[in-house]
Amino acid sequence: MYSTILIIHSMLRWLVLLSLCYAIFRAYKGLNTQSVFTSLDNKVRHWTATITHIQLTIGMLVYIKSPLTKYYFSNFKNLITNWNLTFFGLFHSILMVTALIIITIGSAKAKRKKTDIEKFRTMLTYFSMGLIIIFIAIPWPFSPLANRPLLRLF
């Protein structure tokens, strides 16, 4: 079960990244052209936040089901001395939750703004901040923090 959840979590990150990039693109384009905030823009805002929440839920399942979770909490001193364990035990989780909070706040604020320009600007600002944090927290194959394959299949 753990490996299946981990594979789903790994594949779903691409959907999160694509939806965030698309939402940021639409917000940037709408802001620059002073477009009307259409129902498509609202759906993109909503679904980007929803996909991010689904990814966090699956990530929490990965964290709970991980064979290392008991080790994280039973041997905290060892966790801090091993950078790979520290990254996944602390930094990855904290940064991803922070990014989700920022994206959620941005989505809620954009929904409640009065003008279309304010909606686009809010979406662009908060979603961009969330994307930057997510990029830092993902264990890319080229990352000096921790690395994993681009697509985990097994």
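The values are calculated or read from the model by the stated rules, or taken from the named source; none is laboratory data. Computed from a predicted structure; not experimentally measured. Methodologically, a virtual Cβ is constructed for each residue, glycine included, from the backbone with ideal geometry; neighbour enumeration extends over all protein chains shown.
Looking across the stretch 90-122, the residues that are of a type in the set (S, T, N, Q) and either buried (at least 16 other Cβ atoms within 10 Å of the Cβ) or under 30 Å from Arg148 (Cβ atoms) (or both) come down to Ser93, Thr98, Thr104, Ser107, Thr122. The combined condition, being under 20 Å from Thr104 (Cβ atoms) and touching a Ser or Thr at 6+ places or on another chain (Cβ under 6 Å), is not fulfilled by Arg26.
Could you tell me whether Val62 is in contact with a helix residue (DSSP H, G or I) (Cβ under 6 Å, 6 or more places away or on another chain), β-branched (Val, Ile, Thr) and modelled with pLDDT under 90? Yes. Might you check whether a residue that is touching a His at 6+ places or on another chain (Cβ under 7 Å) and surrounded by 12 or more Cβ atoms within 10 Å (Cβ to Cβ) occurs anywhere in the stretch 80-89? Scanning the stretch 80-89, I find no residue that is touching a His at 6+ places or on another chain (Cβ under 7 Å) and surrounded by 12 or more Cβ atoms within 10 Å (Cβ to Cβ), so the answer is no.
Scan the stretch 102-112 and tell me whether some residue there is in contact (Cβ under 8 Å) with a residue 60 or more places away in the chain, of a type in the set (A, V, I, L, M) and outside any helix (DSSP H, G or I). Within the stretch 102-112, not a single residue is in contact (Cβ under 8 Å) with a residue 60 or more places away in the chain, of a type in the set (A, V, I, L, M) and outside any helix (DSSP H, G or I). Being closer than 15 Å to Pro139 by Cβ and of a type outside the set (Asp, Glu) holds for only one residue in Tyr22, Tyr63, Tyr28, and it is Tyr63. In the set (1) in contact (Cβ under 8 Å) with a residue 60 or more places away in the chain; (2) more than 18 Å from Lys111 (Cβ to Cβ); (3) under 14 Å from the mean Cα position of the chain (by Cα), the condition left unmet by Tyr2 is number (3).
Across the stretch 19-43, the number of residues qualifying as closer than 21 Å to Ile101 by Cβ, aliphatic (A, V, I, L, M) and surrounded by fewer than 21 Cβ atoms within 10 Å (Cβ to Cβ) comes to 1. Among (1) within 18 Å of His9 (Cα to Cα); (2) at pLDDT 80 or above; (3) among the hydrophobic types (A, V, I, L, M, F, W, C), there is one condition Leu68 misses while meeting the rest; what is its number? Of (1) within 18 Å of His9 (Cα to Cα); (2) at pLDDT 80 or above; (3) among the hydrophobic types (A, V, I, L, M, F, W, C), only one is false for Leu68: (2).
Listed here are the residues, each with its yes/no results for (1) over 22 Å from the mean Cα position of the chain (by Cα); (2) small (Gly, Ala, Ser).
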{"site": "Thr33", "(1), (2)": "yes, no"}
{"site": "Phe37", "(1), (2)": "yes, no"}
{"site": "Asn42", "(1), (2)": "no, no"}
{"site": "Thr50", "(1), (2)": "no, no"}
{"site": "Gln55", "(1), (2)": "no, no"}
{"site": "Ile64", "(1), (2)": "no, no"}
{"site": "Ser74", "(1), (2)": "yes, yes"}
{"site": "Thr104", "(1), (2)": "no, no"}
{"site": "Phe127", "(1), (2)": "no, no"}
